[in-house]
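Below is one structure, written out as C-alpha cells; comments come after it.
The values are calculated or read from the model by the stated rules, or taken from the named source; none is laboratory data. Everything quoted here is computed from the prediction, not taken from an experiment. Quick reminder, even Gly has a Cβ in these numbers, built from the backbone with ideal geometry, and neighbours come from all protein chains shown. When the accessible area is computed, the model is the full protein with side chains, heavy atoms only, and any ligands, DNA or RNA have been set aside. Shrake-Rupley method; radii C 1.70, N 1.55, O 1.52, S 1.80 Å.
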Amino acid sequence: MSEAAFTRSPVLKPIGVLGGTFDPIHYGHLRLAQQAAEQLTLQEVRFIPAGEPYHRAPGLASGTSGAHRTEMVRRAIGNNNLFRVDTRDLERGGATYTFDTLVGLRSELGNQVPIFVLLGADAFALLETWHRWRELFDLCHFGVAQRPGAELWRERVGGELAETLRVRERADAQQLSATPAGNVVTITMTPLEISATAIREQLSRGASPRYLLPDAVLEYIVANELYLEGSR
C-alpha cells in the first residue's frame, strides 16, 4: 500500500490493536489497553488473540486452545465498553502475521481511521524481526508502552529501526488523529511486573495467582483445569 493511499484526513477517533497469545490474559494487558485508550483518545481497543505466531516453532505458540484463550479475554474485558475481542487471527489459521491482521482491519475500516498497534518497548525493539515490518508503518501507528523510570528504552533500539524511530517518533499523540498511520508515540504505563509465564508456573505448582488477573479469568481457569502440571 503506497503512502499516496493515506492523505491527511479529518480528525477521526482512532482504534487500538492489542495482540498476543493471552495465555492467560492478565492485568498488565488490561492496564496497558486502558491507559492507551485514555492517552491516545481511542474509540476502542481490539484484543486479538494470536493464532500461530510465525516466529515461534509450530505448536509452541500457546499451550492453550484458541477457544479457551478467547473466552478468557471475553471474561477479562467484561462490560468495559472501550474493549472488544477480535478473533480474526484464530479464524484465519496458519501463521499469524501482524501485517495480514492490519491489512484485514484496513479492508474493514478503510484507509483513513488511525490505527495504533499497542506493544511494550521490548517488543518494539524487535520490530525488525517481524514479517514485512517496514510496510507496517503504511498501515498503522505504534503506541509503545514505557514504564516510569524506563526512559532509556530507546537505547535498546538499533539498526535501521533506530533511524526509523528517530524520524517517526512524535511527542503529541493527539496530533496523530489527523493521520492514519506512519508514526510512533510513547504511552506512559503503570509499572506492573506481571507475566503470563509466571502465572502458568504458579498454577502448575498449585500456587494462587489471585490479584494478578481478573477473578472471572481465574475462575474459568480453575473450572476448566487449565495450566495444571502436564496439561495442555
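Residues that are open to solvent by 40 Å² or more (accessible area, probe 1.4 Å) and not acidic (Asp, Glu) were ranked within segment 125-148; the one that is modelled with the lowest pLDDT is 148. Within segment 73-98, the residues that satisfy the criterion of being assigned to a helix (DSSP H, G or I) and open to solvent by 30 Å² or more (accessible area, probe 1.4 Å) are 74, 75, 88, 90, 91, 92, 98. If you go through segment 149-187 and keep only what is open to solvent by 70 Å² or more (accessible area, probe 1.4 Å) and in contact with a strand residue (DSSP E or B) (Cβ under 7 Å, 6 or more places away or on another chain), you end up with just 170.
Here residue 52 clears all of (1) at pLDDT 95 or above; (2) on the phi < 0 side of the Ramachandran plot except the condition numbered (1). All but one of (1) crowded, with 17+ Cβ neighbours inside 10 Å; (2) modelled with pLDDT under 95 hold for residue 102, so report the exception by its number. The failed condition is (2). Checked against (1) at pLDDT 95 or above; (2) open to solvent by 40 Å² or more (accessible area, probe 1.4 Å), residue 122 meets all criteria but (1).
Annotation note: of 220, 227, 211, the sole residue that is open to solvent by 80 Å² or more (accessible area, probe 1.4 Å) and aromatic (Phe, Trp, Tyr) is 211.
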